[in-house]
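The values are calculated or read from the model by the stated rules, or taken from the named source; none is laboratory data. This one's a predicted model, so the numbers in the text were calculated from it and none came from an experiment. Backbone-built Cβ (ideal geometry, glycine too); neighbour counts: all protein chains shown. Areas reflect the complete protein model, heavy atoms only, side chains present, ligands, DNA and RNA absent. Shrake-Rupley method; radii C 1.70, N 1.55, O 1.52, S 1.80 Å.
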Amino acid sequence: MGAIEDRDWRMCHRCGEAGPGVRDRGRIDLMARLCEVCWNVFANEMAEADGATAGPRAESDPDDMSWIEPPTCSECGAAIRLYPTNYDRWVSLATVELPAKDVPERFRWRLTKLPGRSRIATDVVAVRVRGVDPLPSDPVVPAHRMMCVPDWGEP
C-alpha cells in the first residue's frame with residue numbers, strides 16, 4: 001500500500017499529469033490533487049454553476065487612514081459582502097441571514113471559519129449549501145443576486 005501512495009503522490013487526479021505543479025487544491029481540503037490547468041477548469045466550472053462571479057475585494061493600503069466604504073452592487077447599489085469561496089473564487093452575498101425556507105436552494109450559502117493552519121490569509125470562506133438540506137429554520141446567507149433588483153431608472 002505504501003508503494004501505491006508514493007507512486008501517485010504528485011499525479012493530477014483529473015488528467016494524470018505528474019510534476020511539481022500538482023498539489024492539494026482549495027481553501028478547505030477538497031481531497032483532490034490537481035495540476036494548475038485542471039484546477040482552473042474545475043474552479044471556473046464550480047463558480048459558474050454557483051454564481052460565484054464577483055471580483056476579489058480591493059486591497060486596502062495599511063497606511064491609508066480614510067474611511068473604507070462597504071462594497072456595493074453595481075446593478076442595484078445595495079450593500080454586499082464579498083467572500084472567497086472554498087475553490088478560490090469570489091461571491092457576492094447579501095448582508096443578512098435568512099431562514100433556509102425563504103431562500104431557493106441555488107442561492108444558499110454558509111460562512112465557514114478556516115482552520116488556523118491555513119496557508120491562505122483569510123479567516124472566513126463562503127461554502128454553498130448542498131447535499132444535506134438544512135432545516136427550514138436554519139439560517140443561510142443568500143447570494144446577493146437573489147435579492148438584487150437593478151436600478152434602471154424611472155420608466
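Quickly rank 129-141, 97-109, 63-75 as a protection proxy: mean count of other C-beta atoms within 10 Å, highest first. Walk me through the numbers on the way to the answer.
Values: 129-141: 12.6, 97-109: 16.1, 63-75: 9.8.
Ranked from most to least packed, the peptides come out as 97-109, 129-141, 63-75.
In the stretch 24-106, what percent of the accessible surface is made up of carbon and sulfur (1.4 Å probe, ligands and nucleic acids excluded)?
Numbers: 2750 of 5200 Å².
Heavy-atom surface of the stretch 24-106 belonging to carbon and sulfur, 1.4 Å probe: 53 percent.
How many nm is it between the label spots at MET146 and GLU105, if each spot is 7 Å from the Cα in line with the beta carbon?
My value for the distance between the label points is 1.3 nm.
Starting from the Cα of LEU135, step 7 Å along the direction of its Cβ; do the same at ASP61; then give the gap between the two resulting points in nm.
The modelled label-to-label distance comes out at 5.0 nm.
Taking 8 Å as the Cα distance limit and 6 or more residues as the minimum spacing, I'd like the relative contact order of the stretch 35-153 as a percentage. Numbers along the way, then the final one.
Working: 178 pairs, mean separation 32.1, N = 119.
Here the relative contact order equals 27 percent.
Taking the Cα centroid of the stretch 135-151 and of the stretch 14-77, what is the distance between the two, rounded to the nearest whole Å?
One Cα centre to the other: 21 Å.
Beyond 22 Å, what share of the Cα-Cα pairs of the stretch 21-122 is found? Please give it as a whole percent. Before the final figure, lay out each step's value.
Values: 2200 of 5151 pairs.
Considering the stretch 21-122, 43 percent of its Cα-Cα pairs are separated by more than 22 Å.
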